[in-house]
Number of protein chains: 2
Amino acid sequence: MPVDLDRIDDLFRVRPGKKFRLPDHDPAWAGDPLEPEKKRREKAEQLLAADVEELARMQELLWASDTWSVLAIFQAMDAAGKDGVIKHVMSGINPQGVEVTSFKHPSAEELDHTFLWRCMKRLPERGRIGIFNRSYYEEVLIVRVHDRLLRAQRIPGIEPRKKTWEDRYDDINAFERHLVRNGTVVLKFFLNVSRDEQRRRFLARIDEPEKHWKFSASDVAERGHWDAYMEAYEAALAATSTDHAPWYVVPADRKWVSRAVVAAVLAGTIGRLGLAWPEVTADKKQAIDEARRKLMAE
Amino acid sequence: MPVDLDRIDDLFRVRPGKKFRLPDHDPAWAGDPLEPEKKRREKAEQLLAADVEELARMQELLWASDTWSVLAIFQAMDAAGKDGVIKHVMSGINPQGVEVTSFKHPSAEELDHTFLWRCMKRLPERGRIGIFNRSYYEEVLIVRVHDRLLRAQRIPGIEPRKKTWEDRYDDINAFERHLVRNGTVVLKFFLNVSRDEQRRRFLARIDEPEKHWKFSASDVAERGHWDAYMEAYEAALAATSTDHAPWYVVPADRKWVSRAVVAAVLAGTIGRLGLAWPEVTADKKQAIDEARRKLMAE
């Protein structure tokens with residue numbers, strides 16, 4: 001089943017230079033509303049299965065051709081389904097070809113470096129897919145919402161820095177351009193969950209004891225800043241969705257939608273690189289033939 | 001003795017926007033030619049001693065005020081005296097406040113990342129001075145001279161990339177801007193040795209068995225590409241000497257000159273940050289007083 005990445009781009013990719021408003025993106029989007037939801041869901045799940053398979057093939061090709069790496073960044077409000085997307089989309093892939101990094105509270109050592117540093121260290125090597133579960137974008141999201149500049153970024157004599165967020169967008173764009181220029185494909189996914197759906201999922205976590213480990217009271221507190229978060233996401237996505245490193249706003253109220261979209265973008269984008277299996281040279285072929293002869297004669 | 005950094009800037013700092021030609025910089029420069037060389041050397045050595053002392057104080061202040069780090073990059077032809085400068089200028093400093101990294105041939109893991117990556121990992125943390133003995137600048141110098149793009153940077157479908165060097169200068173400038181914006185002072189030193197002086201030093205290494213460990217036949221081979229190297233240095237310094245991260249062309253035919261200049265730039269630049277010792281707050285003072293009382297009563 002071919003991945004129709006162009007259509008997905010039209011629907012979900014944030015285009016640089018075009019006015020971007022988050023409210024134009026419906027978290028509950030789920031395909032053609034004329035079709036019954038059950039049927040749409042079945043189709044999406046088939047698509048997901050096909051794309052997961054395709055992605056596994058693409059990752060092998062990425063590894064064999066040894067020229068590109070892929071960095072996929074996931075950002076979202078709590079309970080938007082980041083962990084589930086990563087699990088379901090990447091589950092078919094050879095674990096040697098993938099590195100997932102979850103960025104939590106920065107360590108003292110990390111705070112002692114620039115806000116990009118801890119992510120720089122975890123960049124995927126050639127042939128691999130690197131997944132960032134949260135990333136340096138936290139530094140223009142939660143940090144902005146709480147107007148809580150990390151101490152590391154407070155430079156006396158320069159604070160208060162009104163230009164801080166613009167400077168950071170600018171640094172991020174330059175950093176990602178460097179990655180792309182040097183052979184890392186950069187894809188960014190915002191899992192766009194609605195406030196209502198987040199509430200439902202939080203309640204589900206509270207009601208089911210086996211989901212309590214996922215629940216933290218501070219998550220509910222963050223919910224109180226919903227509008228400020230949406231403003232911060234809108235500003236960040238508008239400023240940092242570039243031709244070389246695009247953002248996708250992925251509808252996340254239905255998990256089967258977000259998983260299908262992310263799988264399609266990943267498989268489709270690697271497909272667009274036009275990678276080829278390494279050709280076996282005449283020399284190599286001769287060496288292989290010789291090896292075969294020797295082994296047969298043993 | 002106050003460091004006259006303005007005068008040193010006038011003489012050796014590469015100014016963005018101004019025409020830069022390497023031949024305008026005399027590797028044998030050694031101060032006022034009307035004074036006898038012996039006297040000039042004595043004065044330079046006094047200055048070096050004073051600046052090394054000042055630098056040690058500045059580094060303590062850097063550590064205590066915990067807001068800035070300093071990155072000093074050294075690039076030069078072989079036998080220009082990089083190791084000697086680092087040894088003599090940094091010798092008075094608390095080793096906990098300095099990290100020196102020498103970049104040699106990249107490892108397989110390093111080749112599997114972008115050309116900035118291995119240096120990113122070694123950035124100095126706040127309060128510290130990081131010294132790069134060679135750096136990512138090798139990637140626009142030796143790599144350019146030998147037109148030997150690392151395999152990691154060869155992207156099929158994009159090669160041959162005529163814009164490679166410009167792209168790299170651009171990435172380097174953005175990277176250094178990011179560092180400065182986030183509290184790392186960036187200083188870059190090109191130790192400018194002449195071809196004749198390099199020859200003398202190579203012969204000295206060959207003649208003195210105790211210096212043989214420093215000698216490698218491939219160094220002499222590189223000498224054959226002298227003009228190509230000078231072109232590459234000129235282009236790189238012109239493109240990447242910015243207001244935020246300047247290059248200094250340090251006369252290196254006389255070691256006492258290059259050491260004095262580097263020490264003066266380092267101590268003077270940290271001095272310009274206007275750092276202050278952390279103030280002891282009333283609370284802290286009270287806590288200290290209380291601790292004293294308790295200890296006295298023991």
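Each reported figure results from applying straightforward, stated rules to the coordinates on display, with no laboratory input. Note that the structure is predicted; figures quoted are calculated from it, not measured. Note that each Cβ is placed from the backbone with ideal geometry, even for glycine, and that neighbours are counted across all protein chains shown.
Modelled spin-label separation between B:Glu35 and A:Asp32, with each label point placed 7 Å from Cα along the Cα-to-Cβ direction: 8.7 nm.
For A:Glu60, put the label point 7 Å out on the Cα→Cβ axis and report which residues of the range A:257-294 keep their amide N under 13 Å from it. From the range A:257-294, the list is A:277-278. Once the Cβ-Cβ distance of B:Arg195 and A:Trp277 is raised to the sixth power relative to R0 = 60 Å, the FRET efficiency obtained is 0.80.
Sequentially through the range B:47-59, phi angles give Karplus couplings (6.51, -1.76, 1.60; θ = phi - 60°) of 4, 4, 4, 5, 6, 4, 5, 4, 4, 4, 5, 4, 5 Hz, Gly and Pro residues having no value and appearing as x.
With an 8 Å cut-off on Cα pairs and a minimum separation of 6 or more residues, tell me the relative contact order of chain A in percent. The normalised contact order for chain A reaches 35 percent. Cross-link reach is defined here as a Cα-Cα straight distance under 20 Å, omitting same-chain residues fewer than 8 places apart; for B:Lys294 the aspartates and glutamates meeting it are B:Asp283.
Of all beta bridges that DSSP places with both ends in chain A, some 5 percent have antiparallel geometry. Find out how many positive minus negative residues lie around B:Gly84, taking Lys and Arg as positive, Asp and Glu as negative, among other residues whose Cβ is under 9 Å from that of B:Gly84. Spelling it out: positives minus negatives among the neighbours equals +3. Straightening the chain between B:Asp147 and B:Glu298 buys 47.1 nm, computed as 0.36 nm per residue apart minus the Cα-Cα spacing. Per-residue Karplus couplings for the range A:220-226, computed as 6.51 cos²θ - 1.76 cosθ + 1.60 with θ equal to phi - 60°, are listed in order as 5, 4, 4, 3, x, 9, 3 Hz, Gly and Pro entered as x. Under a model in which nothing but the beta-carbon of Lys, Arg (+1) and Asp, Glu (-1) is charged, the range B:5-297 shows a dipole of about 220 debye around its Cα centre. Each Lys or Arg adds one and each Asp or Glu subtracts one; over the other residues with Cβ under 13 Å from the Cβ of A:Glu290, this totals +3.
With q set to 0.18 Å⁻¹, the log10 of I(q)/I(0) for the range B:155-242, from the Debye formula over equal scatterers at the Cα positions, is -0.94. Calculated mean residue ellipticity at 222 nm for the protein assembly as shown: -15000 deg cm²/dmol, from DSSP H runs with n ≥ 4 weighted as -39500 (n - 2.57), summed, divided by the residue count and rounded to 500.
What the phi angles of the range B:228-238 give under the Karplus curve with 6.51, -1.76 and 1.60, with θ = phi - 60°, is a coupling list of 4, 5, 4, 4, 5, 5, 4, 5, 5, 5, 4 Hz, glycine and proline written as x. The same position A:Ala217 in the other copies lies at 7.4 nm from this copy, comparing label points 7 Å beyond Cα toward the beta-carbon, shortest first. Simple rule: put +1 on each Lys or Arg Cβ and -1 on each Asp or Glu Cβ in the protein assembly as shown, find the dipole, and look at B:Leu71, A:Ala217, A:Leu55; the Cα lying farthest toward the positive end is A:Ala217. Each principal axis of the range A:5-297 carries a Cα extent, and these read 74, 58, 43 Å when sorted largest first. Averaged over residues, the count of other Cβ atoms within 10 Å places the peptides B:31-39, A:84-92 in the sequence A:84-92, B:31-39, highest first. Write down the percent of antiparallel bridges among all DSSP beta bridges whose residues are both part of the protein assembly as shown, to the nearest 5. If I count the DSSP bridges inside the protein assembly as shown, around 5 percent turn out antiparallel.
Each listed q (0.05, 0.06, 0.12 Å⁻¹) maps to a log10 I(q)/I(0) for the protein assembly as shown, found by the Debye formula over equal Cα scatterers with no solvent: -0.29, -0.41, -1.23.
Note on B:Arg7 and A:Ala228: the model spin-label points, each 7 Å out from Cα along the C-beta direction, lie 5.3 nm apart. Normalise the Debye intensity by I(0) for the range B:211-251, one equal point scatterer per Cα, no solvent, then take log10 at q = 0.16, 0.35 Å⁻¹ and round to two decimals. Once normalised to I(0) and log-transformed, intensities are -0.61, -1.09. When the listed pairs A:Lys104/A:Lys188; B:Lys43/B:Lys188; A:Lys19/A:Lys121; A:Lys87/A:Lys211; A:Lys163/B:Lys163 are checked against a 27 Å cut-off, the alpha-carbon distance exceeds it for A:Lys19/A:Lys121; A:Lys163/B:Lys163.
The Rg/Rh ratio of the range B:163-298, with Rg taken over Cα atoms and Rh as the Kirkwood radius over Cα pairs, comes to 1.22.
Residues whose amide H falls under 5 Å from that of B:His25, counting only those 5 or more places apart or on a different chain, are absent, with hydrogens built in the peptide plane.
This ranking places A:Met58, B:Met296 by how few other beta-carbon atoms lie within 10 Å of each, fewest first, which gives B:Met296, A:Met58.
Mean partner shielding of peptide A:100-113, defined as the number of other chain Cβ atoms within 10 Å of each residue Cβ, is 2.
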